[in-house]
Amino acid sequence: MRIAEKFKQLKAKNEGALIAYICAGDPTPEGTKEYVTALVRGGVDIIELGLPFSDPVADGPTIQAGIQRALDGGMTPDLYFRTVSSLKLHIPLIVMTYYNLIFKRGLEKFVKDCAASGISGIIVPDLPPEESGDLLQICRKNEVDLIYLVAPTTTETRMEHILAEGAGFIYLVARLGVTGARSDVATSTGELIKRVKTATPKAVGFGISTGDQAAQIIHAGADGVIVGSAFVNIIGSGQDVPERLEALAREIKKGVISN
Amino acid sequence: MSQALTSTKFGKYGGQYVPEILMPALLELTDYYEKYKDDAVFNAELDHYLKDFAGRPSPLYLAKNLSKEYGIKIYLKREDLVHGGAHKLNNTLGQGLLAKYMGKKRIIAETGAGQHGTACAMAGACFGVSTEVYMGAKDTVRQRMNVYRMELMGTKVIPVKSGSQTLKDAINEAMRDWVANVETTHYMIGSVVGPHPFPTMVRDFQSVIGKEVRLQILEKEGRFPDSIVACTGGGSNAMGIFHPFVEEDVDLFAVEAGGSGMKTTDKEALHSATLCTGEDGVLHGMRTKVLQNKYGQILESSSIAAGLDYAGVGPELAYLADIGRLKPCYSMDSEALDAFHDLCRFEGIIPALESSHALAYVKKAVASGELGDIVVVNVSGRGDKDLETVMGMRT
Ligand SMILES: Cc1ncc(COP(=O)(O)O)c(C=O)c1O
């Protein structure tokens, strides 16, 4: 399913989107299917499935640990696409990975593999618009959305450029820093939501872990929230993982509906 | 966008592959760097620190005993005599002064051998800026004297326990810190690596080495050398001595660490010879040659010299290697140790294990004649920091 279509459906129901990140292969390739299913049962609208890279500079300790477990468990790009193909989801699926894995596979092959396995969007946290021209063209040709990030430090000129290029949704980085669960909502988040003026849906990530935070962010004008570390923490604990993933998804989903 | 793309690259290498959060900081740093690099006041102040604090110019010394032993006229560029014991201070004084001009309150850095960290600590104390250094936990053990030196100068050393616990992971951690504190903090990268403008800026600050050599060799020989040999981790001492000679008829040799063997597995390389064996990739904000597996996962590198132990290399070196302007080569751990002992015994100079790789290459390359009649070797640092390692190798 295309991302735009999902946001349209949600808008018609007056709901915000819950986008859930977990890392493929954390802690085993088989576990991923079970966990994705649990998240979908909990009401997640879009799945962002990490393809683990050895040097994840934009990630904090929680997701770094998840990535390490996935690599130790044998996850590779080849296995990733096989796993994704077997998921048969009825909601959009996005790959989040670092640029070297895309570069090494070959931009064209990577994007074609995405399209063929049912992936509708790509997020690359270490690829700013300055370097993304080639990938953007290939994505457009293959009807895969290249999702751009904007941050509190993004200047107005850069913002205009990014909003003009961005597809699927715009990923608003809620705070200066790396990924990791927090309990508050940074004041910079509300300001950023106001600064991003676009018809493309806006989803806020980095530091969101509760239904309350999610509700505040939707209330401030976002169309969705992205939650990663809170889910990865559950996977890391190894305790009742599917049940707790589903319960947390349900709690946060309640937050994004309650406006 | 806000910047001409061409200026950020060396051929296809270089660029700015970083999270969006950092882009404005890189553009700001580029603006400041371009504003001050030819500024008379800035340069007068930097020259003052290079001369009276760092002890420059460093001598160019004719190693007469080693020349006789190896059978070629060898000049040593004595960066080992620079304050702190390595070339690293040239860069940290430059960036430290720039950070001061930019009004940054805090400096962060990564370090491998601890030499760059030490040089940061010196610059931090000198300019009165608070300094924190990320260092792989493994390196904090093998270079513990440098940890203590940094602490003496008021720098906080943060051991990095993620990944391979070496330089690559220290860079990751420093970048994560920078992402969180970019508004107040300058990231003082220690080599000609990372996103633009770092490779260009660090090269320019290190070029003082090659500029001095130009004057010194003309005075001593009335001509340029036939060749220049420098060890290469990230490549800052190499680019520093090469850059002023790139347009001249002088052969350039970048000597990497062959480690304990030129072999790799899916996860690690027994060496750090990135220019020699790496493939195109993107790491730490730059496109360059990278040690990686078939999927693009970065390998853990290895070398007896902590300062050479890195899976990437500066993008300008990758470019110069591609166009045939420099020759990438390597020395093994054992060869470097052998050359280390040679310089100690024949010249009374204890070189860093990093620099010993350059000396080792001279020793083995003389026979082929490729170095010509006169070679300049960059002795990038002194070996005091390596004594424990060398003592550990004696059986
Ligand atoms: C003495 C010495 N030489 C060389 C290096 C390698 O760095 P580069 O290749 O940037 O000169 C280091 C790094 O720590 C060093 O301490």
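The values are calculated or read from the model by the stated rules, or taken from the named source; none is laboratory data. Model, not experiment: these values are computed from the prediction. Backbone-built Cβ (ideal geometry, glycine too); neighbour counts: all protein chains shown. For accessibility, only protein heavy atoms count, side chains too; no ligands or nucleic acids. Shrake-Rupley method; radii C 1.70, N 1.55, O 1.52, S 1.80 Å.
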Open item on the list: Of all beta bridges DSSP finds with both residues in chain B, what is the antiparallel percent, to the nearest 5?
Closed with: 30 percent
- [ ] Measure off 7 Å from each Cα along the Cα-to-Cβ vector at B:Lys51 and B:Ala137, then give the distance between these two points in nanometres to one decimal.
- [x] 4.7 nm
Task: Area hidden from solvent between B and A (accessible, protein heavy atoms only, 1.4 Å, total, Å²) - done: 3200 Å²
Task: Cross-link reach list, lysines versus B:Lys156, counting only Cα pairs under 30 Å and skipping chain neighbours closer than eight places - done: B:Lys37, B:Lys51, B:Lys88, B:Lys100, B:Lys104, B:Lys105, B:Lys138, B:Lys168, B:Lys385
- [ ] Grab every C-alpha pair in segment B:98-155, bin the distances at 5 angstrom width from 0 up to the longest one, and report whole percents.
- [x] 4, 23, 32, 21, 11, 6, 2, 0
Task: Separation between Cα centres of segment B:340-365 and segment A:22-77, rounded to whole Å - done: 48 Å
Task: Accessible surface of chain B [probe 1.4 Å, protein heavy atoms]: carbon and sulfur percent - done: 52 percent
Task: Chain-alone versus full-assembly comparison, segment B:10-33, residues with accessible loss of at least 30 Å² (1.4 Å probe) - done: B:Gln16, B:Tyr17, B:Pro19, B:Glu20, B:Ile21, B:Met23, B:Pro24
TODO: Please list the equivalent ellipsoid semi-axes of segment B:150-209, computed as the square roots of five times the alpha-carbon gyration tensor eigenvalues, in descending order and whole angstrom.
DONE: 21, 15, 14
Task: Under 14 Å, Cβ to Cβ, from B:Met153 - net charge with Lys/Arg +1 and Asp/Glu -1 - done: +1
Task: Shielded by partner chains, segment A:43-60 residues - at least 30 Å² of accessible area, 1.4 Å probe, vs chain alone - done: A:Ser54, A:Asp55, A:Val57
TODO: Report Rg (one decimal) and Dmax (nearest whole number) for segment A:181-243, counting Cα atoms only, units Å.
DONE: 13.3, 42
Task: 12 Å cut-off, amide nitrogen to a point 7 angstrom out along A:Leu107 Cα→Cβ, residues in segment A:141-174 - done: A:141
Open item on the list: Counting heavy atoms of the protein chains only and a 1.4 Å probe, report the per residue accessible area for chain B as a whole number of Å².
Closed with: 35 Å²
Open item on the list: With every atom except the alpha carbons ignored, what do you get for Rg and Dmax of the protein assembly as shown, in angstroms?
Closed with: 25.7, 86
TODO: Quick one: P(r) of chain B from all Cα-Cα pairs, 20 Å bins, percents rounded to integers, in order of increasing distance.
DONE: 31, 62, 7
TODO: Quick one: order A:Ser85, A:Ser120 from most to least accessible surface, probe 1.4 Å.
DONE: A:Ser85, A:Ser120
TODO: Would you mind getting me the FRET efficiency between B:Arg325 and A:Lys11? Use the beta-carbon distance for r and R0 = 60 Å, nearest 0.05.
DONE: 0.55
TODO: Over segment A:3-255, with every protein chain in place, what whole percent of the accessible area is carbon and sulfur at 1.4 Å, could you tell me?
DONE: 51 percent
Open item on the list: Quick check: net charge around A:Gly50, other residues with Cβ under 10 Å of its Cβ, Lys/Arg +1 and Asp/Glu -1?
Closed with: -3
Open item on the list: Around B:Gly307, under 14 Å between beta carbons, what's the net of Lys plus Arg minus Asp minus Glu among the other residues?
Closed with: -4
- [ ] State the Kirkwood hydrodynamic radius of segment A:24-124 in Å, one decimal place, computed from all pairs of distinct Cα atoms.
- [x] 13.7 Å
Task: Amide proton proximity set for B:Ser130, modelled H, under 5 Å, gap of 5+ - done: B:Ile107
- [ ] With a cut-off of 16 Å, note down the residues of segment A:130-164 whose backbone N falls inside the zone around a label point 7 Å from the Cα of A:Arg2 toward its beta carbon.
- [x] A:139-147
TODO: Quick one: divide the alpha-carbon radius of gyration of segment B:1-68 by 2.2 N^0.38 Å and tell me what you get.
DONE: 1.74
Open item on the list: Please compute the per residue accessible area over segment A:3-255 with all protein chains in place, 1.4 Å probe, rounded to a whole number of Å².
Closed with: 36 Å²
Task: Rounded to 5, the percent of DSSP beta bridges in the protein assembly as shown classed as antiparallel - done: 20 percent
Task: Share of Cα-Cα pairs in segment B:11-164 lying beyond 21 Å, as whole percent - done: 57 percent
TODO: Take chain A, drop everything but the C-alpha atoms, weight them equally and run the Debye formula without solvent; then report log10 I(q)/I(0) at 0.10, 0.11, 0.12 Å⁻¹ to two decimals.
DONE: -0.42, -0.52, -0.63
